[in-house]
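Visitor: Structure in structure tokens, see below.
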Amino acid sequence: MSDKDAIRILIIDDDIEFADVLRMHLSAAGYAAEVAEDAVEGGKALLARAPALVLCDINMPYMSGLDLMSLMQSDARSASIPVVFVSGRTDGDTMAKAVKLGAADFLAKPISREQLLASVEACLQAGGRRAALPDYRFPPVV
């Protein structure tokens, strides 16, 4: 058993095919990955057994990923769990809200296996703190 086997990652995404691809990549890298198909199911999974990291979509039925993270931060049981948003929504307002909430990272769909694993490893090494400010590829302000 590798050290990563004990590291549980919760994937919350209503696109089950995409979530399964993330799960397969994480499992192949040695992590214990679990999928919840919306924020309500994800919230239940969080409270049942806290993961080391959450990968979360933003646009989902019933509750957005941003709303879920806000609720997570208001509960002592989940407040310190790092959240990486994985979303097709990359507008400045959405990313600013994610950063304001304290997202550990923001990955724009589609993502590569390498991007996924680099983000997960950086966030886990940072111990729940934001590993680094996300690079949104905005031009420098002069």
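The values are calculated or read from the model by the stated rules, or taken from the named source; none is laboratory data. Model, not experiment: these values are computed from the prediction. Cβ atoms come from the backbone with ideal geometry, glycine included; neighbour counts cover every protein chain shown.
Visitor: Looking at the range 109-117, is at least one residue at pLDDT below 95, surrounded by fewer than 17 Cβ atoms within 10 Å (Cβ to Cβ) and part of a helix (DSSP H, G or I)?
Guide: Looking for residues that are at pLDDT below 95, surrounded by fewer than 17 Cβ atoms within 10 Å (Cβ to Cβ) and part of a helix (DSSP H, G or I), one finds none in the range 109-117, hence no.
Visitor: Under the condition of being touching a residue at least 24 places away in the same chain (Cβ under 8 Å) and among the small types (Gly, Ala, Ser), which residue from the range 20-35 is surrounded by the fewest Cβ atoms within 10 Å (Cβ to Cβ)?
Guide: Applying the filter and picking the extreme gives Gly30.
Visitor: Out of (1) among the small types (Gly, Ala, Ser); (2) closer than 17 Å to Gly88 by Cβ; (3) more than 15 Å from the chain's Cα centre (by Cα), what's the single condition that is false for Ala39?
Guide: All conditions are met except number (3).
Visitor: Considering the range 79-105 alone, what residues qualify as being within 13 Å of the chain's Cα centre (by Cα), under 22 Å from Ala50 (Cβ atoms) and without any contact (Cβ under 8 Å) to a residue 40 or more places away in the chain?
Guide: Once the filter is applied, which keeps residues that are within 13 Å of the chain's Cα centre (by Cα), under 22 Å from Ala50 (Cβ atoms) and without any contact (Cβ under 8 Å) to a residue 40 or more places away in the chain, the range 79-105 yields Val83, Val84, Phe85, Leu101, Gly102, Ala103, Asp105.
Visitor: Let me ask you something else. Filter the range 5-19 for residues that are more than 19 Å from Val83 (Cβ to Cβ) and touching a residue at least 12 places away in the same chain (Cβ under 8 Å); which is nearest to the chain's Cα centre (by Cα)?
Guide: Per the stated criteria, the residue is Ile16.
Visitor: Which residue is nearest to Leu68 (Cα to Cα), if the candidates are limited to the range 36-53 and must be surrounded by 18 or more Cβ atoms within 10 Å (Cβ to Cβ) and touching a Lys or Arg at 6+ places or on another chain (Cβ under 7 Å)?
Guide: Taking the candidates together, the pick is Pro51.
Visitor: Quick one: in the range 79-94, which of the residues that are under 20 Å from Asp15 (Cα atoms) and of a type outside the set (D, E, K, R) is surrounded by the fewest Cβ atoms within 10 Å (Cβ to Cβ)?
Guide: Taking the candidates together, the pick is Gly88.
Visitor: Ala33 fails exactly one of the following numbered conditions: (1) hydrophobic (A, V, I, L, M, F, W, C); (2) in a helix (DSSP H, G or I); (3) within 19 Å of Gly127 (Cα to Cα). What is the number of that condition?
Guide: (2)
Visitor: Among the residues of the range 1-30 satisfying the criterion of being touching an Asp or Glu at 6+ places or on another chain (Cβ under 8 Å) and part of a loop (DSSP other than H, G, I, E, B), which is nearest to Met72 (Cα to Cα)?
Guide: Among those residues, the one meeting the criterion is Asp13.
Visitor: Can you pull out the residues in the range 64-80 that are in a loop (DSSP other than H, G, I, E, B) and modelled with pLDDT under 95?
Guide: Listed by number, the residues that qualify are Ser74, Asp75, Ala76, Arg77, Ser78, Ala79, Ser80.
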